[in-house]
């Protein structure tokens, strides 16, 4: 069984994306990782070239700045990265520059890929998500955070990155048929020094909106305001080992408003129902779940 990885990167150093940790977190599962590196002015390409301990296949790309509606450029670049993988690969692991896999899940993921390798009806594997906010000690637990997404796909030409690159579909625009695996993607996009978080917000919103709309949504302040959050909970587990050094460098303070629910009545009711039952009413699912892996 051959497994390769793919990712995209552009100006990830300026906004302090954990790109090295992201790539290191999938490297033990992959024979090679292809990265589509958009034209950057912060040393992103040179940084990746210096990661000699990783088997990286780097390819420079030019982002289409006209594809700003709905984050379409992210999907286009992700598809460029996917096109770089070897046709001999059986499975592909997609990782974004602010995501990591946990080493405790490696054997489970390998077992799942072996189990479904010859199951033609399975297109991909569906993983759980944890979204950290403000610091490494707190995670979002409201409906604004997606709970599951596809990050491991079979190496099929018909599969492509969908809309803003959060998930995948297959031609013409069909949802993938997935097997759910009890492994977790750790998402750190909302854990940065407030100055760098504000830089990230400007960069990110430029992929979605006009300059006027970006200014309206992000504002002109130098630091991101972490206080505008609806609901957080303490994280009681362990982080991926690749994140330990980065976590030790944390240079800002964050106080979580635990117990506060900044929600309207409808969201409070739905949030409470989900906490009691584990059911998310009206949950968006960009996939068709056909199986759950039982190791």
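Rule-based calculations on the coordinates, nothing more; no lab input. Everything numeric here is computed off the predicted structure, so don't read it as measured data. Positions of Cβ are backbone-derived with ideal geometry, glycine not excepted, and every protein chain shown enters the neighbour counts.
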Inset, instruction - Could you line up 41, 123, 141 from fewest to most neighbouring Cβ atoms inside 10 Å? - result: 41, 141, 123
Inset, instruction - Arrange 161, 107 by Cβ neighbour counts within 10 Å, fewest through most, would you? - result: 107, 161
Inset, instruction - Report the extension gain between residue 64 and residue 195 in nm, rounded to one decimal, defined as 0.36 nm multiplied by the number of residues separating them, less their alpha carbon distance. - result: 44.5 nm
Legend entry - Centre separation in Å (Cα based) which lies between segment 1-73 and segment 180-253: 18
Inset, instruction - Give the shape of segment 86-162 as rounded, prolate or oblate, defined through the alpha-carbon gyration tensor: a ≥ b ≥ c are the square roots of its eigenvalues, a/c under 1.5 means rounded, and otherwise the shape is prolate if a/b is larger than b/c and oblate if not. - result: prolate
Inset, instruction - Compute the distance in nm between two label points, each set 7 Å from the Cα along the Cα-to-Cβ direction, one at residue 106 and one at residue 265. - result: 5.3
Inset, instruction - Calculate, in nm to one decimal, what residue 221 and residue 241 gain on full extension: separation in residues at 0.36 nm each, minus their alpha carbon distance. - result: 3.8 nm
Legend entry - DSSP beta bridge pairing in the chain, given as percent antiparallel to the nearest 5: 45
Inset, instruction - Taking the Cβ of each residue in 230, 104 as the centre, tally the other Cβ atoms inside 10 Å and list the residues starting with the fewest. - result: 104, 230
Inset, instruction - Counting helices only, and only those DSSP H runs with n ≥ 4, report the 222 nm mean residue ellipticity of the chain as the sum of -39,500 (n - 2.57) divided by its residues, in deg cm²/dmol to the nearest 500. - result: -7000 deg cm²/dmol
Inset, instruction - Taking 7 Å along the Cα-to-C-beta vector as the label spot, tell me the residue 114-residue 1 distance in nanometres, rounded to one decimal. - result: 0.7
Inset, instruction - With springs only between Cα atoms under 10 Å apart, run a GNM on the chain and tell me which of 152, 26, 229 wobbles the most. - result: 229
Inset, instruction - Just check segment 71-116 against the gyration tensor rule for me: Cα atoms, a ≥ b ≥ c as the square roots of the eigenvalues, rounded for a/c under 1.5, and otherwise prolate or oblate depending on whether a/b exceeds b/c. - result: oblate
Legend entry - Residues listed by number, segment 52-76, amide nitrogen under 19 Å from residue 213 label point at 7 Å toward C-beta: 64-76
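According to the square roots a ≥ b ≥ c of the eigenvalues of the Cα gyration tensor, what is the shape class of segment 154-205, taking rounded for a/c under 1.5, prolate for a/b larger than b/c otherwise, and oblate for the remainder? The partial results should precede the final answer.
Details: a/c = 4.18, a/b = 1.87, b/c = 2.23.
Verdict is oblate for segment 154-205.
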Legend entry - GNM flexibility winner over the chain from 249, 280, 68 (Cα, springs under 10 Å): 249
